[in-house]
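Worksheet: one structure, shown below.
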Amino acid sequence: MKRLSRVFQTTVCASALALSAGFAATASAQHLNDFASGPANVKLAKKNIDVPVESRLADKIQAIFASGKYDEQFSSMFDESVVVAVRAAYAQNLFEPIWTGPGAESLRQAQQTMRDNGMEPGLSDESLEKLLKQRFSGWKSERAEADLKLTMVWLAYASQMRDGLSDFGGVATVGEDAPARSSLIVDIQNAGFGDANDLLTSYEPAHEQYQGLKNTLSSYMTLEQQGGWKEISTGGDPIELNAVDDRVPELRRRLIAEGYYSLPSFDQLVDIMAVSNLETDDPKLTEDLRVMQVELETWAKTYDESLEAAVKRFQAHHGLADDGVVGRGTYAALNESATSKVSRIKSSLQKWREIGNVEGRMVWANIPSYRAEGWNDNVSEISMKTVVGMRSRQTPIFSDEIEYAVTNPRWYAPVSIVRKDKLPKLAADPSYASRKGFNIYDRATGERVSAASVDWTDASAASNYQLVQGSGAANALGKLKIIFPNKDAIYLHGTPTKYLFDRPQRAYSSGCIRLEDPTSMAAWLAGGDTAVTPEEIEASVNSGKRQRFDFDQKVPVNLTYITVTIGDDGKAEFWPDVYNKEAPVETNLQVAEALDIAPADTNSDEAGSEYADLKVDQPQRAG
C-alpha cells in the first residue's frame, strides 16, 4: 500500500511538536471545556479561546502523548503514518478530547455496520459501553485515556473496512483559506464529532458485487439464526425426473429454504394429507378423502417438472451441471450448512475490501467462477467463460495492470510444460511436433533442429531445446494474448480447445487463464484506449499476422479467488472451492488485546444503551 510522503510526515510532526511546546503550560486555560454548560454545538472559534476550563482534559491528553504511553499500542496496530495522523488530529484540536456525545452514538452504530459487512467489531458492545462511560464520567485521567482508546477502536474498524490505512494519504481542505491536510486527520476528528459510522460506510467498496454480497449476507445470517436447514439423506440412487422417492419431500423443503422453490400452499397440503384421523359417517366421503390422501402422498414423493426446474436453478447457482439430476455433487451442495455459506460470504466480502474501490475500467478474472469480466465504474460491460489452472498448477492470485495485446501470437512452451506434457508425446512420436506446428531450437546454438534428431526420453531435453509453436489453428494461445508482465508469467489468452467451455468446472490449464472470446476482451480494452481501436484489434486477428498493440491506458486486472459472487439475477452464486483455499474469516481481536478489554462476543447481538442519550457540546466539524 502507498505510504504517506516523507514531506507530509515531517510537516505533521513539526506541527505537532510546535503545538505541544506552545500549549504545554496553559492548554487547560485556553481550550473549550468539553462539558461546558452552554448551548449544544458550541464551535471551537476565536471567541472561545479564553473560556476557562474545569476538566483540564487537554492537559491530561497532552501529557499522555508526551509520555509516549500509547505510542507502542498504536504502532503495534497501525502504520507509522497513522500514528503521526493521530497525534496531529489531537494537536490541531488543541489536545481537547475528540469524542463527543454524537460521536459516541455514531460509534455504537458502527458496531452493527461492522457486522453488516461481515466483520466482528473486535470489541464487545458491553466493553464499548464501559469505555464510553469511562470517557464521559470517569476521573479526568481516565476520561483522557478513554478518548484515545476510542480513537484506537474507530481506527481499527476503519482499517478493517479499508483493508489498511497506510495509503490514506490524500489531502482535504477545511474552508476556502485553510491549509490542506491529511484526509485521515480530518476523518479522525469528524468521527469523534459524530461521523464515525457514516465514515465507515463511506469506506465500503462501491462495487456492485460487494454491495450485493452485503445484502446477501443479511439474508443468510437470518437463515442461520433460524436454524438453517436439515441435511438431505444421500443414500440410494440419483433422483431423476418422475422418480418417486422418500427423499423428495426433504428436497422440497430444502429448496424452499433458499428460495429456489415456492409452494405457498405446502402447509395446507400437509394438513389435507393428514386426514386419517378425520371422523365421518359417510362411506363415500371417507373413501374420497383416502384417495386424495394417497394422491397427495404420492405427489409429495414425486420428482416432478417444477421441482426439477428448481433443482436446475440451484445447480446453476452452485457451479454444477444444470441437468436436474440430484446426484453426489448436488447433494454435497444442498447439504452445505447455512453457517458455512455465511462464512464464505464474509470471506468474499473481505476479498473485495482487499481490492478496494477501482475507478474507471477493470478486468476481473475470478478463478472459482471460471469467468472474466470487464467493469467500468463498477458496472459490468463484458463477461465470458474462462479455463483456469488445474489443481496441480494453480492460477495465482494477484493484481496488476494490462500493458499490451498480441494477435496471432507464437507460443514459447515453458520448460516445465515441455517436461511434464510434451516429452512423453515426443518420445512416443516425434512427428507430434510438426503436426502441432512446433519448431524446435537448440538453446545452446540457437539453431533449428529436427524433432527426430533429439532423444526425447532424456529429461534434460526439456531445458536443452526450445519448442516454439507458430500462429495457427492449433496454437495453444489461440488468436490473441493479453499481457500484464509478472513474475509468474501469467496472462490471458485464447485456446483451440473450445469444447472445454461447455463444462461447468474448468480447471484444466497450466496456470494461465484461457478466455472464451479473447478478441472481444481486447476490443473492449481498446474501446477505452487512445492508442488502439477495437477495429484495429479485430482486423489484425482476422489477417492472421502477428502484431503487438501497446495500450496507453493501463487497465487494472484482478485475479481473485472469491467463492461467492452475485449473478445477473441478483442471487448469490456459491462456487466449489476448487483449490481448497477457503477459510473462515477470523475475528479481529487485536484492538481488544491492545486495550486489554474483552473482545466481541460473536453470539451476542445486545447493544448497551445506558448512555444513548448523553449530550456533549460538539466542536466545529472538519471539512
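Points to keep in mind about this one:
- Protection proxy ranking of 202-209, 338-345 - average other beta-carbon atoms within 10 Å, highest first: 338-345, 202-209
- Its residues counted as N, region 283-439 yields a C-alpha radius of gyration over 2.2 N^0.38 Å of 1.71.
- Extension gain, residue 66 to residue 263: 0.36 nm times the residue separation minus the Cα-Cα distance gives 64.1 nm.
- Per-peptide average of other Cβ atoms within 10 Å, ordering 401-410, 137-146 highest first: 401-410, 137-146
- When peptides 473-482, 414-423 are sorted by average Cβ neighbour count within 10 Å, with the highest value leading, the order is 473-482, 414-423.
- Using a probe of 1.4 Å on the protein chains alone, the accessible area found for residue 246 is around 110 Å².
- Using only side-chain charges placed at the Cβ, +1 for Lys and Arg and -1 for Asp and Glu, the dipole size of region 366-502 relative to its Cα centre rounds to 440 debye.
- As a size descriptor, the averaged projected area of the C-alpha convex hull of region 348-492 was calculated at 10.5 nm².
The values are calculated or read from the model by the stated rules, or taken from the named source; none is laboratory data. As the structure is a prediction and not an experimental result, all values here were calculated from the model. When we count neighbours, we look across all protein chains shown, and the Cβ atoms used for this are built from the backbone with ideal geometry, even at glycine. Surface accessibility is based on the protein's heavy atoms, side chains included, excluding ligands, DNA and RNA. Shrake-Rupley method; radii C 1.70, N 1.55, O 1.52, S 1.80 Å.
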